[in-house]
Amino acid sequence: MVGPVIAIVRVPSFRSCLLVVALAPAFAWGIPSTFAAAAAPSLGPIPAFLQKHCVSCHGDDQPKAGLGLGGIRSHSQILKQRKVWENLADMVEAELMPPEDKPQPAAAEREAFLAAVRSIFDNYDRTAKTDPGRVTMRRLNKAEYDNTTRDLFFGTDFNASENFPSDDVGHGFDNIGDVLTMSPVLMERYLAAAEMISRKVVPTELPKPTVRTTYAKQMRPSREAGPFKDGFRILSNREQPGGREGGPIWQDLQTGPHDEYKFVLQAYAEREKNQPVHLAVYVAGDEVAQPSPQSELDKLNGNSLRQVTPLRIIKIVEVKARDAKKAERIEVTIPAVAGVRRVGIALVKTPKGSPPAAAYIKSFSVEGPADVRPFVMRKFLERDTSKPHAEQTREVLSRFASRAYRRPATPEEIARLTTLVADVEASGQSWETGLQLAIQAVLANPKFLFRAELDDRPTAPEARSIDEYQLASRLSYFLWSSMPDDELFALAWKGELTKNLDAQVRRMLKDPKSSALVDQFAMQWLQLGRLTSHAPDTATFPEFKEPLRQAMFMETKLFLNEIIHEDRSIIDMLDSDFTYMNSSLAKLYGVYDTMGNGSGRKKLPGGKSFRGDAFYERVTLTDGLRGGLLTQAGILTVTSNPTRTSPVKRGKWVLEQILGEPPPPPPPNVPELEQQKDKLTGSLRQRMEQHRANPACANCHAKMDQLGFAFENFNAIGAYREKDGNDKIDPSGVLDGDKKFQGPAQLRKVLLERKEDFARCLTEKLMIYALGRGLEYYDDRAITRIVAELPKHDYKFSTLCLEIVRSEPFRMRRGSEELASGEE
């Protein structure tokens, strides 16, 4: 059996150090035994080269570093370890393998080996059939469950996953099908969540409409703002004592955009010759829908109208009562209007030269909403009420089940649900109770809980396109972590989603729901979720408090949201001239204007002011110290230890998350730096250099430490400094053997020279997230094509998403049999 293989991480510079990552034994990849047993003459010089120069150290019997190269018998083994072999070829070409203390191959021998290895990949890329891979049926993770139930029930947040067990993580993400298992505990929580949701969507008992009454002394503006008489508030265009006017008056009322209310007024009026007196009933709010034009507002009495505009006049009513003892009750229906924040009345002006008018208001009340059903219940139960009762049930459940299953529900599925409701009603219980049980049945169904992509050819190896509904789901869960919306469903129904794919991706990226890419993808890619539990030492960093922790999260989220929603270049993630701050973060970064403005607000160059921790400003960076993700406080904090910085963690983070070159795990039995503090002396940099003098540590630390020290001017919570204690900080380093840098600004320039490596790393991470599976050797062609397209479109984020969605692994599928991987 072939021993564990070590992945030699791809390094573009041949002078880079050798990095290795342990992989599984060859048979763990599912290589047929016949592949490993039979020699393949077409391997040419590869076996002989390995035998002569490699297997003495890397044979199958306790190979060094776990890298066994003695069992290579076929093209298939090499292809399935493509990344390993591509990087091995780079190391051989750079003359870093064999090691310098071993006999070196002749130039012709080296070239023949390299040509044979690369010809295997070239031949595969030219001749192999498309293999889109196969995704394990994925359970909705916690975030997807919450987002899906929110959108399934018309924007209602239930936060049902709060009590669910944590999701397992694979390949760096929690949406990987292979690790999203279903435990008995989780199933119990699903059942409890379904019951809770069903009772909120279709409650069986409804409250009575509330009545809020405002009496004269409580009306706004306050009592001092208007005249009173015998417990009545006066609205008049007569001249009042002290020059006070009578009107308008109002009561605070915040309504939903679909809620209808009843406004009830008790009043009487006075005017010479019993001429009519009119009042305008209005609703107001900064965002009130369809406000009345100024020409209508000019007809109302009172300069204080400006306090309640914009407003919308609902109805003009006449007050006919002329006696306080016979004050009349006037009712006005307030229709559903979006943006309402108050309701009130104003006196309508009398014609110029005619007698003035006065209205005496004892009270007004607001009753409602008229329909006390929750909005979600009203939307859920929308139906043609002229149909027979059974047909109404079918209409409601057919629409619901189709949206929940993300495809048209079958007649059999609908029949089972309608029969369930009918049986409940036949037992004497209400229709609503039956619908509750139907909702629970759907929400506990695997067709809802799992993203099932039904296949009528589950074992056929040929690649074929997924159907339009499956494509809609892949698209929405990639970009929104939620179910498809009505537009996606409509296109899938008409079979037109594929030909409108580009337009839909662009639309979806502009939608606020695309912030899920930040919350779900980016937070896991950047490993920023660890900030939630990270605890810097409070004695060393007393300024680190919860508001600062939240500001660190928000800086990165707002920064990435701008890149997504404004379709900026992904290269801005490496280096940019802007970020987002509130007052806590600005204080940490030291960007306050020392002048201040005397008002308690701290000013930035350019005149911007911070209004407290709740408000974030987009700030232009001018000093060159910070830029992009690498110098944001949250990332600097989670890559530090509680009491000090960690160049190893920071360097490792750059290698893994930015360059896609993860180092291997540390060798066993090598003590950590803290355990050697009695033996190591000097500054942190000097102690690190002494630590990596151990040959077992030198190769990997040589690169990690160089990257990490570039950020030493930032302490363990991201604040800038010149010294570490009494030691002056040396942030210099060398990358790829000859690229020197001094601090983070110059490192960012060096990394910009390797932007293609960053683009490939980000593409691979986002592809894993989009597919819900790890990448395989047969995905390499798709990744390479995507990366090649990015510079043609200025590395825009939308291009990255579009190319992933257009790729074969995203749009296609195959059966369980793996496609042939090439000649054996």
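The values are calculated or read from the model by the stated rules, or taken from the named source; none is laboratory data. All values reported here derive from a predicted model rather than from experimental measurement. Methodologically, a virtual Cβ is constructed for each residue, glycine included, from the backbone with ideal geometry; neighbour enumeration extends over all protein chains shown. Ligands, DNA and RNA are excluded from the accessible area calculation, which covers all protein heavy atoms including side chains. Shrake-Rupley method; radii C 1.70, N 1.55, O 1.52, S 1.80 Å.
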Worksheet entry | Hits in segment 512-540 - residues which are surrounded by fewer than 18 Cβ atoms within 10 Å (Cβ to Cβ) and assigned to a loop (DSSP other than H, G, I, E, B) | Gln527, Ser533, Ala535, Asp537, Thr538, Ala539, Thr540
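For (1) at pLDDT below 75; (2) on the phi < 0 side of the Ramachandran plot, each residue gets a yes or a no:
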site	(1), (2)
Cys697	yes, yes
Ile717	no, yes
Tyr720	no, yes
Gly725	no, no
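For every residue, the table says whether it meets (1) loosely packed, with under 13 Cβ neighbours inside 10 Å; (2) closer than 26 Å to Gly256 by Cα; (3) touching a helix residue (DSSP H, G or I) at 6+ places or on another chain (Cβ under 6 Å); (4) not acidic (Asp, Glu).
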site	(1), (2), (3), (4)
Val283	no, yes, no, yes
Gln290	yes, yes, no, yes
Pro293	yes, yes, no, yes
Asn303	yes, no, no, yes
Glu328	no, no, no, no
Ala338	no, yes, no, yes
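Go through Arg748, Arg781, Arg773 for me and flag whichever is out of contact with any strand residue (DSSP E or B) (no Cβ under 6 Å at 6 or more places or on another chain), touching a residue at least 60 places away in the same chain (Cβ under 8 Å), open to solvent by less than 50 Å² (accessible area, probe 1.4 Å) and under 17 Å from Leu629 (Cβ atoms).
Numbers: Arg781 fails: under 17 Å from Leu629 (Cβ atoms); Arg773 fails: under 17 Å from Leu629 (Cβ atoms).
So the residue among Arg748, Arg781, Arg773 that is out of contact with any strand residue (DSSP E or B) (no Cβ under 6 Å at 6 or more places or on another chain), touching a residue at least 60 places away in the same chain (Cβ under 8 Å), open to solvent by less than 50 Å² (accessible area, probe 1.4 Å) and under 17 Å from Leu629 (Cβ atoms) is Arg748.
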Practice prompt. Could you check how many residues of segment 359-388 are open to solvent by less than 30 Å² (accessible area, probe 1.4 Å), among the aliphatic types (A, V, I, L, M), over 30 Å from Arg322 (Cβ atoms) and out of contact with any Ser or Thr (no Cβ under 8 Å at 6 or more places or on another chain)?
Written response: 2
Worksheet item: Can you name the residue in segment 330-353 that is more than 18 Å from Leu253 (Cβ to Cβ) and in contact with a Lys or Arg (Cβ under 9 Å, 6 or more places away or on another chain) and is also modelled with the highest pLDDT among such residues?
Response: Val348
Worksheet item: For segment 452-467, how many residues meet the condition of being within 30 Å of the chain's Cα centre (by Cα) and part of a loop (DSSP other than H, G, I, E, B)?
Response: 6
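Within segment 246-281, take every residue that is within 57 Å of the chain's Cα centre (by Cα) and over 18 Å from Gly368 (Cβ atoms) and give me the one that is surrounded by the fewest Cβ atoms within 10 Å (Cβ to Cβ).
Residues of segment 246-281 that are within 57 Å of the chain's Cα centre (by Cα), as a first pass: 246-267, 278-281.
The next check asks that each one be over 18 Å from Gly368 (Cβ atoms); those that pass are 246-249, 267, 278-280.
Numbers: Gly246: 25, Gly247: 28, Pro248: 26, Ile249: 25, Ala267: 25, His278: 18, Leu279: 28, Ala280: 23.
Out of the qualifying residues, it is His278.
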Practice prompt. Scan segment 458-466 and give yes if some residue there is acidic (Asp, Glu), open to solvent by 60 Å² or more (accessible area, probe 1.4 Å) and without any contact (Cβ under 8 Å) to a residue 24 or more places away in the chain, otherwise no.
Written response: no
Worksheet item: What strands (runs of 3 or more DSSP E) completely inside segment 223-329 contain at least 3 residues that are within 18 Å of Thr350 (Cβ to Cβ) and at pLDDT 80 or above?
Response: 232-236, 261-271, 277-284, 311-319
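Yes or no: Arg406 surrounded by 18 or more Cβ atoms within 10 Å (Cβ to Cβ), touching a Ser or Thr at 6+ places or on another chain (Cβ under 8 Å), on the phi > 0 side of the Ramachandran plot and touching a residue at least 12 places away in the same chain (Cβ under 8 Å)?
Numbers: surrounded by 18 or more Cβ atoms within 10 Å (Cβ to Cβ): yes; touching a Ser or Thr at 6+ places or on another chain (Cβ under 8 Å): yes; on the phi > 0 side of the Ramachandran plot: yes; touching a residue at least 12 places away in the same chain (Cβ under 8 Å): yes.
Yes: the conditions hold for Arg406.
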Discussion item. Where the second residue is among the hydroxyl-bearing types (Ser, Thr, Tyr) and assigned to a helix (DSSP H, G or I) and the first is in contact (Cβ under 8 Å) with a residue 60 or more places away in the chain and open to solvent by 20 Å² or more (accessible area, probe 1.4 Å) and lies in segment 554-581, which pairs have Cβ atoms under 7 Å and are six or more apart or on separate chains?
Written reply: Asp567/Ser798
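Looking at this structure, is Asp131 buried (at least 20 other Cβ atoms within 10 Å of the Cβ), at pLDDT 85 or above and outside any helix (DSSP H, G or I)?
Values: buried (at least 20 other Cβ atoms within 10 Å of the Cβ): yes; at pLDDT 85 or above: yes; outside any helix (DSSP H, G or I): yes.
For Asp131, the condition - buried (at least 20 other Cβ atoms within 10 Å of the Cβ), at pLDDT 85 or above and outside any helix (DSSP H, G or I) - is met.
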Item to complete: Filter segment 751-768 down to residues that are open to solvent by less than 10 Å² (accessible area, probe 1.4 Å) and under 25 Å from the mean Cα position of the chain (by Cα) and give me whichever is farthest from Phe711 (Cα to Cα).
Response: Met767
Discussion item. One residue is enough: does segment 421-439 have a residue meeting the conditions hydrophobic (A, V, I, L, M, F, W, C) and closer than 23 Å to Val135 by Cα?
Written reply: no
Discussion item. Here's a check for you: in segment 202-221, which residue that is in a strand (DSSP E or B) and more than 30 Å from Val396 (Cβ to Cβ) is least open to solvent (accessible area, probe 1.4 Å)?
Written reply: Thr214
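Among the residues of segment 184-201, write down those that are within 26 Å of Phe375 (Cα to Cα) and open to solvent by 20 Å² or more (accessible area, probe 1.4 Å).
Going through segment 184-201, the residues within 26 Å of Phe375 (Cα to Cα) turn out to be 189-201.
Hits for segment 184-201 are Arg189, Leu191, Ala192, Glu195, Met196, Arg199, Lys200.
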Worksheet, complete the sentence: When (1) small (Gly, Ala, Ser); (2) farther than 30 Å from Ala516 by Cα; (3) open to solvent by less than 30 Å² (accessible area, probe 1.4 Å) are applied to Ser473, the one that fails is (2)
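Of Gly718, Gly733, which residue is of a type in the set (Gly, Ala, Ser), in contact with a strand residue (DSSP E or B) (Cβ under 8 Å, 6 or more places away or on another chain) and either crowded, with 16+ Cβ neighbours inside 10 Å or in contact (Cβ under 8 Å) with a residue 60 or more places away in the chain (or both)? Break it down into steps so the answer makes sense when it comes.
Values: Gly718 fails: in contact with a strand residue (DSSP E or B) (Cβ under 8 Å, 6 or more places away or on another chain).
Criteria check complete, one pass: Gly733.
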Worksheet entry | Every pair of residues 6+ apart whose Cβ atoms lie under 9 Å, when the first sits in segment 613-629 and is open to solvent by 40 Å² or more (accessible area, probe 1.4 Å) while the second is of a type in the set (D, E, K, R) | Tyr616/Glu555; Arg618/Glu562; Arg618/Lys608; Thr620/Asp577; Thr622/Asp577
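Among the residues of segment 147-183 satisfying the criterion of being of a type in the set (D, E, K, R) and more than 17 Å from Asp519 (Cβ to Cβ), which is surrounded by the most Cβ atoms within 10 Å (Cβ to Cβ)? Before the answer, list the steps.
Going residue by residue through segment 147-183, those that are of a type in the set (D, E, K, R) are 150-151, 157, 162, 167-168, 174, 178.
Subset that is more than 17 Å from Asp519 (Cβ to Cβ): 168, 178.
Numbers: Asp168: 12, Asp178: 14.
Top of the filtered list is Asp178.
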Worksheet item: Got a sec? Which of Phe153, Phe121 is out of contact with any strand residue (DSSP E or B) (no Cβ under 6 Å at 6 or more places or on another chain) and either without any contact (Cβ under 8 Å) to a residue 12 or more places away in the chain or farther than 17 Å from Ile783 by Cα (or both)?
Response: Phe153
